[in-house]
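First the structure, in the form of structure tokens, and then the observations on it.
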Amino acid sequence: MIKGDSEEYSLIVQQIKKLKIDRATLTCEVGLREGLGSKTIMDAIREHNPKLYKHIAIDPYGNLAYQHYDEPDNIINAGYDDEMMQRTVTELYKNYKEFNFFNMTDDYYFKTMGEGHQFCYQSNLMIYGLYKVVHLDGPHTTPAVIDELVFFIPRMENESIIIIDDYQLLSLGIVDMLLKTYNFNVAEKGDSKIIYKKEI
Ligand SMILES: C[S@@+](CC[C@H](N)C(=O)[O-])C[C@H]1O[C@@H](n2cnc3c(N)ncnc32)[C@H](O)[C@@H]1O
């Protein structure tokens with residue numbers, strides 16, 4: 001069963017409802033766990049009936065011990081193992097043809113997938129690499145989130161949203177300054193999730 005570990009998925013749905021989706025659509029979640037973030041995004045995008053849509057989910061699983069939050073002694077193993085991966089990824093592939101799983105850390109994805117993704121349209125291939133929705137829900141340290149933003153900000157569509165989970169545990173000042181510098185403003189703020197939107 002697809003499950004979540006956080007709150008406020010309805011904020012994501014509300015913001016996706018407001019987006020204009022009329023071309024190839026690319027969305028991404030960093031940190032899949034048991035799938036509810038990705039399922040929420042894909043269900044909400046489906047409401048727009050996109051003609052061409054890919055959702056990317058990035059997660060290394062493997063029971064990795066890593067630093068979850070900024071406190072230095074926070075390197076822990078939270079049990080995100082390969083059984084969880086198999087269960088979650090199987091169910092999402094079964095129900096969502098737009099689902100694409102990358103079994104790797106975010107930094108390796110950034111090193112290898114910066115050009116974009118292949119889309120097939122009317123039996124022809126194109127590469128498209130601009131994201132409409134990004135959910136940052138992997139490592140919640142400030143440096144990790146900044147690295148994620150450095151990759152995604154130049155690859156966001158003119159109208160797009162970036163959702164950051166557990167934002168209250170970050171040094172939000174620098175994150176907020178980075179996003180505002182690139183025309184992302186706060187569209188929604190809950191207790192755990194903050195959503196930035198760019199509209200050019
Ligand atoms: C908080 S959970 C994600 C929850 C999920 N988004 C949801 O809505 O239910 C964090 C996930 O991030 C993954 N993760 C840890 N380090 C990562 C990294 N460097 N890149 C991508 N994902 C990572 C973990 O394996 C774990 O599944």
Quiz item: In nanometres, what is the gap between the two model label sites at TYR66 and GLN118, each 7 Å from Cα along Cα-to-Cβ?
Solution: 2.7
Quiz item: Which of the listed residues, THR90, ASN77, GLN67, is farthest toward the dipole's positive end in segment 51-125, when Lys, Arg count +1 and Asp, Glu count -1 at the beta-carbon?
Solution: THR90
Exercise. Averaging sequence separations of C-alpha pairs under 8 Å and six or more residues apart, then dividing by the length of the chain, give the relative contact order as a whole percent.
Key: 22
Quiz prompt | Label-point gap, in nm, between GLN168 and ALA78 - each point 7 angstrom along Cα→Cβ | solution = 1.6
Quiz item: Given charges of +1 on the Cβ of Lys and Arg and -1 on the Cβ of Asp and Glu, with all other atoms neutral, how large is the dipole of the chain about its Cα centre, in debye to the nearest 20?
Solution: 1080
Quiz prompt | Cα gyration tensor, segment 46-200 - rounded (a/c under 1.5), prolate or oblate | solution = oblate
Self-check item: Alpha-carbon Debye profile of segment 22-97, log10 I(q)/I(0) at 0.11, 0.18, 0.21, 0.27 Å⁻¹
Solution: -0.36, -0.77, -0.93, -1.25
Quiz item: Given 0.36 nm per residue, what is the gain on full extension from LYS17 to ILE127 after removing their alpha carbon distance, in nm?
Solution: 37.0 nm
Exercise. Could you please rank ILE76, ILE58, placing first whichever residue has the fewest other Cβ atoms within 10 Å of its Cβ?
Key: ILE76, ILE58
Quiz item: What ranking of ASP43, ASP73, ASP191 emerges when the number of other C-beta atoms within 10 Å of each C-beta is taken as an exposure proxy, fewest first?
Solution: ASP73, ASP191, ASP43
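Each value in this text was obtained by applying a stated rule to the coordinates, not by laboratory testing. Just so we're clear, the structure is a prediction, and the values are computed from it rather than from any experiment. Positions of Cβ are generated from backbone atoms using ideal geometry, with glycine treated the same way; all protein chains shown enter the neighbour counts.
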